[in-house]
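Down below is the structure, laid out as structure tokens.
The values are calculated or read from the model by the stated rules, or taken from the named source; none is laboratory data. Note that the structure is a prediction, hence the values are computed from the model and not measured. For neighbour counting, all protein chains shown are included, and Cβ atoms are generated from backbone atoms with ideal geometry for every residue, glycine included. The area values use the complete protein model at the heavy-atom level, side chains included, leaving out ligands, DNA and RNA. Shrake-Rupley method; radii C 1.70, N 1.55, O 1.52, S 1.80 Å.
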Amino acid sequence: MSGKGLVDAERRRFNAIALAPSLIVLFAIAGLPAIYLVVTSLTPFQLVNPGSSTDFSSPLRNYRLLPGDPRFVNSLWVQAKLSFWGVLFQVLLGMLLALLLHTQSRVVEFARTFFLIPMVLPPIVVAIIWKLIYTPDISPLYYVAGLLNIAMPSLTSSVDFALTAIIIADTWEWMPFTFLMVLAALQTIPDEFSEAALVDGANRFQIFFYITLPFITPILVISGMFRLIDSVKAFPLVFLLTGGGPGSVTEVTNYYAYLLAFDFNEIGYSSAVTIVLLLLVVAVSFGVVWMGRRREALE
Amino acid sequence: MTKKNSGHKSASLSRRTLLQAGAATLGAAAFPMPVIAQAKPFAGITLRGASFQHRFFTLLQNYIPEFEAQTGMKVDLQLSAFPVYNQQANLELSSGGSAFDFVNVTFILASRWVAAGLLANLDEFTGDSNLTPAEWKPKDFVEGAQVPYRDAKGATYGYSWEGGAMVMGLSRMDLMEKKGLKIPKTFAELQEVCAAINGTDNVTGLVSFQLHHWCLPPYIQGFGGNIFRNPPTDIMPALNSPQAIQAIEFYANLLKNYAPKGVLTYTEDQARQALLTGRSNIFIHSSAWITPILMSGDSKVKDTSRVVRMPAGPVRDFPAANSQGLGIPKNAKNKKAAWEFIKWALSPEISMRLVKEHGHSSVCRKSVIESEEYRKLNTVNGQDLGALYLEVLGLPAKGENYMAYRTVKEFPIVGDVLNKAFEQVATGQLTAPAAMNAAQEQAIANMRRAGTAL
């Protein structure tokens, strides 16, 4: 082996030894619970049924039952609607806000900080704020509507508005994330490009579509992907605002999994629901990454 | 002079103290343990118990140091949120663990724990006069509150510390009197009163909250239906019976037409506030949530309120009742010490102190509820709330146990399905027959998935 090869081998060994403790810890705190979740999903484990946690007689039973469970299928559909509209609004509004506030001014700098507040609040606080806004007898929203003689239904207990009410609250909470990302991207675009375009007679829309948008598109995709993955975690809003109702109108998959595990004690079945959700999120993430790479390759 | 005398006295006391201490040490060295053991039979034991968070335990914790001083044991009481506790206890008991010496026997899980033999038979303790003195009186507990803690043979596995008795609160009797309305005694009258009051003086006819599987069954039973066909022996769901459909339609109409906007997502607190401030006229719920209209400092309707039995359906009235108990896990390490604690915590003396010192009225000792002190504290505007509480709490034990549906271990699954179906009817997503037929199918499918043979 040449001297260079020896150095490389030594470096690889050193890297492996240096990384090993972190990988072991990572495996212990992230890998083992995930493995346990998979194992549990292969059993009919119920807290009120001793011995069921080690019953592997029909390992795929839970997965076979899932397609025939209307609440599970409905919960996936509700999750898809919540994720799609929530992410779309968050990306579009975040981008719009970043474009508006991408100027040098003290007032604007203050405004930027102000817009970040919802994102740093604990999720349960956000849920309580919106609970207050959506509760007709104490809400300032309903008070103003009353002054204007507008008859508003109860948003969280209405079949037509309950999911929209959650999407609005989720967008309010997470739109700052996209705003922050896009703002950072905007600040990296060299001024020369837009100045040159202006000299060539381009208007503001043309500058946006031909210069700014191509620059910030990767950031928009990444923000959207992060938010898409995170949108599966919109638990506190659903829990506090609607409890999954009315009926099952806002019952997203993780809320259903929570009910199965904590209210009905069906740990095995709940684990299977969670695994399917996990696989879907992983598939979507890979899909988005693949699309991003394909786009880069084409360029 | 004084100083000198004082110093002399001090020196002489020191010598005496020294001699006394020496004698005491010699005595203790000769006969130490029997004397101490007699005084504090449970010295050195740490008693571990668990329950969900409740005012009863918060109040009891104030007295626990007294118990520790009397017995010599340490009490380690873990209090968690209701669902967390139930999961923890389920896991602990099902796996045959011995981490807890006493546990809360949760109402909705009681029959499953008792039937599965996960709890110790407390008759062994009450039947032994060395362990339980006659004045403790096991028969003194309200009969209806004890029903969930007995097995088929009548053996007792828990003693109740709290009872919930469903009653009806009316906050605006002044408005009702102006309109010549009487307290409703039937479902039909309830609807009439709600319709007549709703919108008057910005008051809604009635208020409720989102736990429909607690509020709704008395209507189903009032119309002659039930949640299961014949619980606890026949647990085939009976959600699509004509009576259940009629009841869900009736209750949904009440909430749709006469309750505040958004009532479907109301919490108990929101509903109570609506009653206490007189924004809603009627609230039917556990007495602990209703009686504050007469007794709480927050009530703005003290002078215009009444608390009575809930109205009856075409069959009769079935006010819901529940209770929570204390029991000992079968594999507990310190069973005798645990019994000592239960005996003390549920003694007539502690129950009376909770009533007198904290106004905590939902105790389950008949002798306390019927006592003059209790009556004095719980008689407001001429209304004997204690008598009403006792009457309602005792009802399930008279004749058939109509609350048996709620002690069936499958109830949480079926109750959730019922909640969803009710919301679908109340929001117009489905008609009552369609919603209840779908609920019936769903309940059966869920129960089978969970391993119940039907």
Query raised in the report: Of the numbered conditions (1) modelled with pLDDT of 95 or more; (2) away from chain A (no Cβ under 14 Å); (3) closer than 30 Å to B:Leu346 by Cβ, B:Pro292 satisfies every one except a single condition; which is it?
Result: (1)
Report summary line: Taking the range B:145-155 and keeping only residues that are open to solvent by 10 Å² or more (accessible area, probe 1.4 Å), within 16 Å of B:Cys364 (Cβ to Cβ) and either modelled with pLDDT under 90 or of a type in the set (S, T, N, Q) (or both), one is left with B:Val147, B:Pro148
Requested in this report: Scan the range B:415-442 residue by residue and report those that are within 15 Å of A:Leu260 (Cβ to Cβ) and over 30 Å from the mean Cα position of the chain (by Cα).
Outcome: none
Query raised in the report: Are any residues in the range B:372-388 part of a loop (DSSP other than H, G, I, E, B) and in contact with a Ser or Thr (Cβ under 8 Å, 6 or more places away or on another chain), and if so, which ones?
Result: B:Asn378, B:Asn381
Query raised in the report: Regarding B:Pro396, is this residue surrounded by fewer than 18 Cβ atoms within 10 Å (Cβ to Cβ), of a type outside the set (Lys, Arg) and touching a residue at least 40 places away in the same chain (Cβ under 8 Å)?
Result: no
Query raised in the report: Scanning for something in contact with a Phe, Trp or Tyr (Cβ under 8 Å, 6 or more places away or on another chain), open to solvent by less than 40 Å² (accessible area, probe 1.4 Å) and at pLDDT below 90, does the range B:66-83 turn up at least one residue?
Result: no
**Report entry** Filtered residues of the range B:94-113 (kept if at pLDDT below 90, within 14 Å of chain A (Cβ to nearest Cβ) and buried (at least 20 other Cβ atoms within 10 Å of the Cβ))
**Finding:** B:Ser94, B:Leu109, B:Ala110, B:Ser111, B:Arg112, B:Trp113
Query raised in the report: Can you name every residue in the range A:145-195 that is surrounded by fewer than 13 Cβ atoms within 10 Å (Cβ to Cβ), within 14 Å of chain B (Cβ to nearest Cβ) and either of a type in the set (Val, Ile, Thr) or within 24 Å of the chain's Cα centre (by Cα) (or both)?
Result: A:Ile150, A:Asp160
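Residues checked against (1) open to solvent by 10 Å² or more (accessible area, probe 1.4 Å); (2) small (Gly, Ala, Ser):
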| residue | (1), (2) |
| --- | --- |
| B:Gly163 | no, yes |
| B:Leu170 | no, no |
| B:Gly180 | yes, yes |
| B:Ile183 | yes, no |
| B:Gln191 | yes, no |
Query raised in the report: Does B:Ala435 satisfy the criteria of being open to solvent by less than 50 Å² (accessible area, probe 1.4 Å) and either among the aromatic types (Phe, Trp, Tyr) or within 12 Å of chain A (Cβ to nearest Cβ) (or both)?
Result: yes
**Report entry** Count of the range B:319-337 residues which are out of contact with any strand residue (DSSP E or B) (no Cβ under 7 Å at 6 or more places or on another chain) and more than 15 Å from B:Trp113 (Cβ to Cβ)
**Finding:** 3
Report summary line: If we ask which residues in the range A:39-68 are closer than 18 Å to A:Val276 by Cα, touching a Leu at 6+ places or on another chain (Cβ under 6 Å) and within 12 Å of chain B (Cβ to nearest Cβ), their number turns out to be 0
Requested in this report: Assess whether B:Ala247 counts as being more than 17 Å from the chain's Cα centre (by Cα) and in a helix (DSSP H, G or I).
Outcome: yes
Requested in this report: Kindly indicate whether any position in the range B:129-140 is within 28 Å of B:Asp317 (Cβ to Cβ), acidic (Asp, Glu) and open to solvent by 10 Å² or more (accessible area, probe 1.4 Å).
Outcome: yes
**Report entry** Residue in the range B:204-237 that is farthest from B:Ile284 (Cα to Cα), counting only those that are open to solvent by 50 Å² or more (accessible area, probe 1.4 Å) and part of a loop (DSSP other than H, G, I, E, B)
**Finding:** B:Thr233
Query raised in the report: Given (1) surrounded by fewer than 17 Cβ atoms within 10 Å (Cβ to Cβ); (2) of a type in the set (D, E, K, R); (3) out of contact with any helix residue (DSSP H, G or I) (no Cβ under 7 Å at 6 or more places or on another chain), where does B:Asp201 come up short, assuming only one miss?
Result: (3)
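Would you mind stating whether A:Leu88 is surrounded by 11 or more Cβ atoms within 10 Å (Cβ to Cβ) and more than 13 Å from every other protein chain (Cβ to nearest Cβ)?
Details: surrounded by 11 or more Cβ atoms within 10 Å (Cβ to Cβ): yes; more than 13 Å from every other protein chain (Cβ to nearest Cβ): yes.
Considered against the rule, which asks whether it is surrounded by 11 or more Cβ atoms within 10 Å (Cβ to Cβ) and more than 13 Å from every other protein chain (Cβ to nearest Cβ), A:Leu88 comes out as yes.
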Report task. Mind listing just one residue for me: the one in the range A:106-126 that is open to solvent by less than 40 Å² (accessible area, probe 1.4 Å) and more than 17 Å from A:Gln90 (Cα to Cα) and, of those, farthest from the other protein chains (Cβ to nearest Cβ)? Result -> A:Val108
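Only one residue in B:Val380, B:Val392 is of a type outside the set (Gly, Ala, Ser) and either within 14 Å of chain A (Cβ to nearest Cβ) or within 17 Å of the chain's Cα centre (by Cα) (or both). Which one?
Numbers: B:Val380 fails: either within 14 Å of chain A (Cβ to nearest Cβ) or within 17 Å of the chain's Cα centre (by Cα) (or both).
Step by step, each of B:Val380, B:Val392 is checked, and only B:Val392 is of a type outside the set (Gly, Ala, Ser) and either within 14 Å of chain A (Cβ to nearest Cβ) or within 17 Å of the chain's Cα centre (by Cα) (or both).
Has the range B:443-451 got any residue that is over 21 Å from the mean Cα position of the chain (by Cα), more than 8 Å from chain A (Cβ to nearest Cβ) and open to solvent by 10 Å² or more (accessible area, probe 1.4 Å)? Steps first, answer last, please.
Pass one, the range B:443-451, residues over 21 Å from the mean Cα position of the chain (by Cα): B:443-451.
Of the ones still in play, those that are also more than 8 Å from chain A (Cβ to nearest Cβ) are B:443-444, B:447-448.
Subsequent filtering for residues that are open to solvent by 10 Å² or more (accessible area, probe 1.4 Å) retains B:444, B:448.
Within the range B:443-451, one or more residues are over 21 Å from the mean Cα position of the chain (by Cα), more than 8 Å from chain A (Cβ to nearest Cβ) and open to solvent by 10 Å² or more (accessible area, probe 1.4 Å).
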Report summary line: Only unsatisfied item for B:Tyr405, checking (1) more than 12 Å from chain A (Cβ to nearest Cβ); (2) more than 29 Å from the chain's Cα centre (by Cα), is (2)
